[in-house]
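To start, the structure under review is shown below, and the notes come after it.
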Amino acid sequence: MPGPPNHPDEFDPDRRTATKAMIAAAATPLLLRRTVDATGIRTEPIRLGMIGYGIRGKNLLDQFLRAPGVRFVGLAEVCPARRDVAMRRIRDDRRGEFCDAYVDGFEMLREARLDAVVVTTPDHAHAVNAIEACRRGLHVYCEKPLSRTIAEGRAIADAAAASKVAFQVGSQQRTEFGRHFARAAELVRNGSIGRVGRVLIGVGDAPIDCDLPAEPLPEDMTAEDWDRWLGPAASRDFNAILCPVGMHGHYPQWRRYRQFAGGGLADMGAHHFDIAQWALRRDASGPSRIIPPEDPAASRGLRLVYDDGIELVHDGSIDCRFEGDAGWIEAGRGYLRASDPAILETEVGTEHRLPRPADHITDWIDAIGESRPTIAPAEAGHRTATICQLAAIGYELGTPLTWDPRNERFTGDHAEAANALRTRPGRTTWTGHGTPVAPDA
């Protein structure tokens, strides 16, 4: 759905004109190849590109290569070693035999004949790539958390709504993991634990400033490659903790630093807070008060309070726990339990039942063919990412804050300092891309 009026979609004041033109262009997407048979079912494969190939990209690539109805035609990755590994994997599969390699995502979006794109870059590069894909009328699967900042998330959601593409955020707890989370959400919506008062969410720490020392570039990476990796983030020297050398089998720690991501708070918060929002029917809204813990050194205990009094508590001890006046439900990736086991057997009303797609990727592919919304659309992903960012800002400033979820601005005491953190310092240009594309101020 379109974003609220007067939303704060800023990176830098000089970008306003370029972004408005970009969003306007998204309203008239390029014509895609949508060949269908007499039943209205697509008969040609979706031409797919992937931007970014780290450990999560590897996992998704393997899943997409098993999915029906897709063909890889492009892979963009700035690290030569990872790009080579990805291309060998793709070309070993018949669905990637005509795939081309690109150094830069924008180059691939310009040159490859695509229907859809998978964005698996670090968080700081989600916005520029997802927005450009929407502008070109390409369907998007974007890894979570959707954005690094509130401003970026609003711009992505607006671009997705304007382009009317099938946009899937990688919040696969809505579709997978034994459907424990979907069942919990249905039971909460059904009123099976009565009126919900609190939701405890167990995720990691808020992000910190990046103070990593400079290291020499790997032998196979140039200064231009590193510049592309930084993309819209503020310029800094290479460090392998941010960008591992070669192909790696771990999740890199750029996630810890607010210049690139939202810490452990956003990394898993994009999953668990997402389930809270979904169960509470808040996919297009959010809390209105942020109350940090009294101890300024505490890394847990922050509360986000909705207008109706329901509290989301950054607890840290359990994935998702919904507490109502008639019982509680806990959902995790390997369990679903309740204060009374009979709660889990409750018959859920038809109006409270949620979709049951085969998996997250299948839901996206089907949404493309059926011209329908996905189970985790951009607006929902933005609102969940916003909760993570609101919590991070609350910890950073250490003072109670008031948030207007309609206009997406802080109001009242400390609003000026808090509103300044809806975005983060960055760059308008970098190697291979000399035109501002990021959201404006």
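Coordinate-derived values only; no laboratory data. Being a predicted model, the structure only gives us computed values, none of them experimental. FYI the Cβ positions are ideal-geometry reconstructions off the backbone, even for glycines, and counts take in every protein chain you see.
Each residue, residue 299 and residue 91, gets one label point 7 Å from its Cα in the Cβ direction; the gap between the two is 4.4 nm.
Of 149, 384, how do they rank once you tally other Cβ atoms within 10 Å and put the fewest first? Don't skip to the answer; put the middle values down first.
Details: 149 28, 384 31.
Lowest to highest Cβ neighbour count: 149, 384.
For residue 318, nonlocal amide neighbours, meaning residues 5 or more places apart or on other chains whose placed amide H falls under 5 Å from its own, are 202. Counted over the range 273-430 with a bin width of 5 Å, the fraction of Cα pairs per bin, in whole percents, is 1, 7, 14, 17, 17, 15, 12, 9, 5, 1, 0, 0. Model label points for residue 402 and residue 220, set 7 angstrom from Cα along the Cα-to-Cβ axis, are 5.6 nm apart.
Peptides 86-95, 339-348, 138-147 ordered by packing proxy, namely the average of other Cβ atoms within 10 Å per residue, highest first: 138-147, 86-95, 339-348. Using the Cβ-Cβ distance between residue 325 and residue 63 with R0 set to 35 Å, the FRET efficiency works out to roughly 0.30. Annotation: amide H of residue 137 within the under-5 Å range of 30, sequence separation 5 or more or interchain, hydrogens built in the peptide plane. The stretch between residue 342 and residue 101 holds 81.4 nm of extra length on full extension. This uses 0.36 nm per residue minus the Cα-Cα distance. Exposure proxy ranking for 315, 307, based on other Cβ atoms within 10 angstrom of each Cβ and starting from the fewest, stands as 307, 315.
Gyration tensor over the Cα atoms of the range 220-341: the corresponding equivalent ellipsoid has semi-axes (square roots of 5 times the eigenvalues, largest first) of 36, 18, 14 Å.
What does the charge add up to near residue 257, with Lys and Arg as +1, Asp and Glu as -1, over the other residues with Cβ less than 14 Å from its Cβ? Display every interim value, and only then the final one.
Details: positive: 148, 236, 255, 256, 258, 424; negative: 123, 205, 209, 211, 237, 267, 396.
Net charge in that neighbourhood comes out at -1.
In this structure the amide hydrogen of residue 233, modeled in the peptide plane, comes within under 5 Å of the amide hydrogens of 427, none closer than 5 places in sequence on its chain.
Whole-Hz Karplus values for the range 270-279 come out as 5, 8, 6, 4, 4, 5, 4, 4, 5, 5 Hz, taken residue by residue from phi with 6.51 cos²θ - 1.76 cosθ + 1.60 and θ = phi - 60°; glycine and proline positions read x. Karplus-derived 3J(HN,Hα) values for the range 302-311, using 6.51 cos²θ - 1.76 cosθ + 1.60 with θ = phi - 60°, are 5, 10, 10, 10, 7, 4, 8, x, 5, 10 Hz; glycine and proline are entered as x. Remark: the residue 113-residue 205 segment gains 29.0 nm on full extension, using 0.36 nm per residue and subtracting the alpha carbon distance. In sequence order, the range 253-268 has phi-based couplings of 8, 4, 4, 6, 10, 5, 5, 10, 6, x, x, x, 4, 8, 4, 8 Hz under the Karplus curve 6.51 cos²θ - 1.76 cosθ + 1.60, θ = phi - 60°, and Gly or Pro positions carry x. Dimensions of the chain from C-alpha coordinates, computed as largest minus smallest value along each principal axis and given longest first, are 57, 54, 40 Å. The calculated 222 nm mean residue ellipticity attributable to helices in the chain amounts to -9500 deg cm²/dmol, summing -39500 (n - 2.57) over DSSP H runs of n ≥ 4 and dividing by all residues. In plain terms, the bigger the Kirkwood radius, the slower the diffusion; for the range 70-128, with that radius from Cα pairs, at 25 °C and 0.890 mPa s, Stokes-Einstein puts D at 207 µm²/s.
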